[in-house]
Amino acid sequence: IRNLVRSRGLGDVYKRQLHDFIGGPDSLFSRVFGQEDTSSLNAVQETLLEFATYLNDQRKSQQNSGEKLIEIDRVTTVLVDSLYKYGQFKTPGLEMLGVTDEGRGCIIPPPFFDLKLTKRKNSLLELAKGERRVLDIFFSSLKESIQKDMTQEVGIVICGVTTGSCVSAAISAFRDQGFEVIVPLDCIASRKSKTCEVLFAKWKKDSGVLLLDSFKQIRF
């Protein structure tokens, strides 16, 4: 694989994308805020699908031929779903955000993921009791793998929407746990560009956050 920037002993890809946010002109966000205001959200779904398909194809290729182009067997893909209560968001028109099964549906087929977690608030750490235990076990397994081989780098790749909300909260959660975070900028999106600019400036100052122009620059 060419044009890759860093080596990763273990990559973990966290994706969050719901039809309510990036389901095209019929998405809840588009109906409330307008197509022009949500165009960046709707545009990112093509890249997210491309990234997920790439990882899935690499896994199938390795299983079928044994050829290892990337360390795909050391990559765990996790879907973080959101289940909200009616009216949890006070913005008029968003009362049903993350409430219905259709609105919570992921644009990437579920079989593409190794693990699914469901959160009920913005923070990734605020999961149901059973799922929080799953996340804690996952954190522990990552830390144990580092302790066994101190030369091994563990990177958490975060993709999804929106940049100023769930993406930002996920980055903070993993940084608080001491993990290095990788953010491919073509795989995140937000309605407000100014919000993104402020966050990008903040993350650039954090040596534990690596911002990349494209997911194609990631080396697992």
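May I ask for the net charge around Asp206, where only other residues with Cβ less than 11 Å from the Cβ of Asp206 are counted and Lys, Arg are +1 while Asp, Glu are -1? Could you put the intermediate results ahead of the total?
Numbers: positive: Arg175, Lys202, Lys204, Lys205; negative: Glu180.
Residues near Asp206 contribute +3 overall.
Give me the accessible area of Asp114, 1.4 Å probe, in Å² rounded to the nearest 10.
In the full protein context, Asp114 sits at about 80 Å².
Return the sequence-ordered ³J(HN,Hα) values of the range 92-101 in whole Hz as given by the Karplus equation 6.51 cos²θ - 1.76 cosθ + 1.60 applied to θ = phi - 60°, using x for Gly and Pro.
Karplus-based 3J(HN,Hα) across the range 92-101 equals x, x, 9, 4, 9, 4, x, 9, 8, 4 Hz.
On a 1.4 Å probe surface of the protein chains, which of Glu180, Glu36 comes out largest in accessible area, and what is the full order?
Heavy-atom accessible area, descending, gives Glu36, Glu180.
For Tyr84, which sequence-distant residues (separation of 5 or more, or a different chain) have an amide H within less than 5 Å of its own amide H, given hydrogens modelled in the peptide plane?
Distant-sequence amide H within range of Tyr84: Val99.
In the full protein assembly as shown, how much of Lys60 is accessible to a 1.4 Å probe, in Å² to the nearest 10?
110 Å²
Pop the C-beta distance of Glu46 and Arg120 into the FRET formula with R0 = 25 Å and round what comes out to the nearest 0.05.
0.30
For the pair Lys202 and Gln217, how long in nm is the line joining their label points, each one 7 Å along Cα→Cβ?
2.1 nm
Within the set Lys60/Lys116; Lys121/Lys205; Lys85/Lys205; Lys60/Lys205; Lys60/Lys121; Lys60/Lys192, which residue pairs have Cα atoms separated by over 32 Å?
Working: Lys60/Lys116 20 Å; Lys121/Lys205 27 Å; Lys85/Lys205 36 Å; Lys60/Lys205 38 Å; Lys60/Lys121 35 Å; Lys60/Lys192 38 Å.
The answer is Lys85/Lys205; Lys60/Lys205; Lys60/Lys121; Lys60/Lys192.
Could you calculate the contour length gain from Ser141 to Asp37, that is, 0.36 nm times the residue separation minus the distance between their Cα atoms, to one decimal place in nm? Present the calculation step by step, with values, prior to reporting the outcome.
Numbers: separation 104, 0.36 × 104 = 37.44 nm, distance 4.07 nm.
Extra length available between Ser141 and Asp37 comes to 33.4 nm.
Sort Tyr84, Tyr54 by accessible area with a 1.4 Å probe, largest first. Kindly include the intermediate steps, with their values, before the conclusion.
Details: Tyr84 15, Tyr54 65 Å².
Largest accessible area first, the residues go Tyr54, Tyr84.
The values are calculated or read from the model by the stated rules, or taken from the named source; none is laboratory data. Note that this is a predicted model, so its numbers are computed, not measured. FYI the Cβ positions are ideal-geometry reconstructions off the backbone, even for glycines, and counts take in every protein chain you see. Remember, those area values only see protein heavy atoms, side chains included, never the ligands or the DNA or RNA. Shrake-Rupley method; radii C 1.70, N 1.55, O 1.52, S 1.80 Å.
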